[in-house]
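The values are calculated or read from the model by the stated rules, or taken from the named source; none is laboratory data. Computed from a predicted model, the values in this text were never measured in an experiment. Note that we place each Cβ from the backbone using ideal geometry, even for glycine, and neighbour counts take in every protein chain shown. Accessible surface is based on the protein model in full, side chains and every heavy atom, while ligands, DNA and RNA are left aside. Shrake-Rupley method; radii C 1.70, N 1.55, O 1.52, S 1.80 Å.
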Amino acid sequence: MPVLQVKGLSKVYGQGQNKVKALNHIHLTVEQGEFVAIMGTSGCGKSTLLNMISGLDKYDEGEVLISGENIKGYSDYELTLLRREKIGFIFQFFNLIPVLSVIENVTLPAMLNNKNQKGLEKKAVDLLNLVGLGSFIQSKPTLLSGGQQQRVAIARALINEPELILADEPTGSLDSKTSKEMMRILQQFCSQFNHTLVLVTHDANVAAYANRVVFMSDGKIVDTLHLSNSVLENQEKVRIISSKVEGLGI
Ligand SMILES: Nc1ncnc2c1ncn2[C@@H]1O[C@H](COP(=O)(O)OP(=O)(O)OP(=O)(O)O)[C@@H](O)[C@H]1O
Ligand SMILES: [Mg+2]
């Protein structure tokens, strides 16, 4: 069963003259272990799509199924539980809590989730070692570089072993070298642990790590590139993605 099914999803913001069709009949299916990148110009609806998938905002038409579970009609409480138990988030600005240590930031989503208390500390330490932050466990996040903070955020997103990871421009505030390191870590998690990732990016270098790139314009999916099983070198993928972006004018 696919981890994510989006069927005919539409969303309109505002009323009258201020009406904006942020999503216009989006269809998207993501299988377990897949890494899908979403690209498109500013305002084309990428963040709106992630917000609808995670139930952070209500859609007008269509359906969202997470591992076959249709979230239509879910109460705010049910949506909160869904996010806590099944979805991991990575944001552009890390959103770490400055007064908590690195390990406390990572364990926080699991503390809120009664099911995941067992062996929690060890799990967090293991994750922090995997992202290369084993020696910063007790540090405050404000003492870390942007790339290190984003690696803490990756560990935090994975602590509840989410069925789906959503990332909205996770490399948007990182330099190119750091964003490369981060993408390698994310890609490794997907292939090694069969994690499923939907990631929004403006950067062809980031999208080149995905199995599939979906291009959006004006609330619609206008094209898709399949990169899985591809023997192409990374630079060749970047070139193909960039020329697609140029060709589509997005
Ligand atoms: N809460 C909201 N209220 C009103 N309009 C909104 C709201 N959120 C988004 N929009 C509008 O919906 C459209 C899609 O916005 P969205 O944030 O999804 O774009 P985006 O593709 O993520 O852009 P960016 O690359 O700049 O982050 C835009 O026209 C935006 O102004
Ligand atoms: Mg956005």
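Yes/no matrix, rows are residues, columns are (1) within 16 Å of ligand 1 (Cβ to nearest atom); (2) at pLDDT below 95; (3) of a type outside the set (S, T, N, Q):
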site	(1), (2), (3)
7	no, no, yes
18	yes, yes, no
22	yes, no, yes
25	yes, no, yes
43	yes, no, yes
63	no, no, yes
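Inspection of region 207-228 finds a residue satisfying the criterion of being in a helix (DSSP H, G or I), touching a helix residue (DSSP H, G or I) at 6+ places or on another chain (Cβ under 8 Å) and either open to solvent by 50 Å² or more (accessible area, probe 1.4 Å) or closer than 18 Å to residue 41 by Cβ (or both).
Just to be sure before I move on: is residue 196 over 26 Å from residue 69 (Cβ atoms) and open to solvent by less than 60 Å² (accessible area, probe 1.4 Å) in the structure I sent? In short, no. In region 92-107 there is at least one residue matching the filter, namely being open to solvent by 40 Å² or more (accessible area, probe 1.4 Å) and touching a residue at least 60 places away in the same chain (Cβ under 8 Å).
What are the residues in region 1-37 that are open to solvent by 80 Å² or more (accessible area, probe 1.4 Å) and assigned to a loop (DSSP other than H, G, I, E, B), if any? Correct list: 1, 15, 19, 31, 32. Scan region 38-48 and tell me whether some residue there is under 20 Å from residue 157 (Cα atoms), part of a strand (DSSP E or B) and in contact with a strand residue (DSSP E or B) (Cβ under 9 Å, 6 or more places away or on another chain). Yes - at least one qualifying residue is present in region 38-48. Being more than 17 Å from the chain's Cα centre (by Cα), more than 16 Å from ligand 2 (Cβ to nearest atom), in contact (Cβ under 8 Å) with a residue 60 or more places away in the chain and farther than 16 Å from residue 168 by Cβ, is that true of even one residue in region 47-67? No, region 47-67 contains no residue that is more than 17 Å from the chain's Cα centre (by Cα), more than 16 Å from ligand 2 (Cβ to nearest atom), in contact (Cβ under 8 Å) with a residue 60 or more places away in the chain and farther than 16 Å from residue 168 by Cβ.
Look at (1) assigned to a helix (DSSP H, G or I); (2) open to solvent by 70 Å² or more (accessible area, probe 1.4 Å); (3) at pLDDT 90 or above and you find that residue 202 fails only one, number (1).
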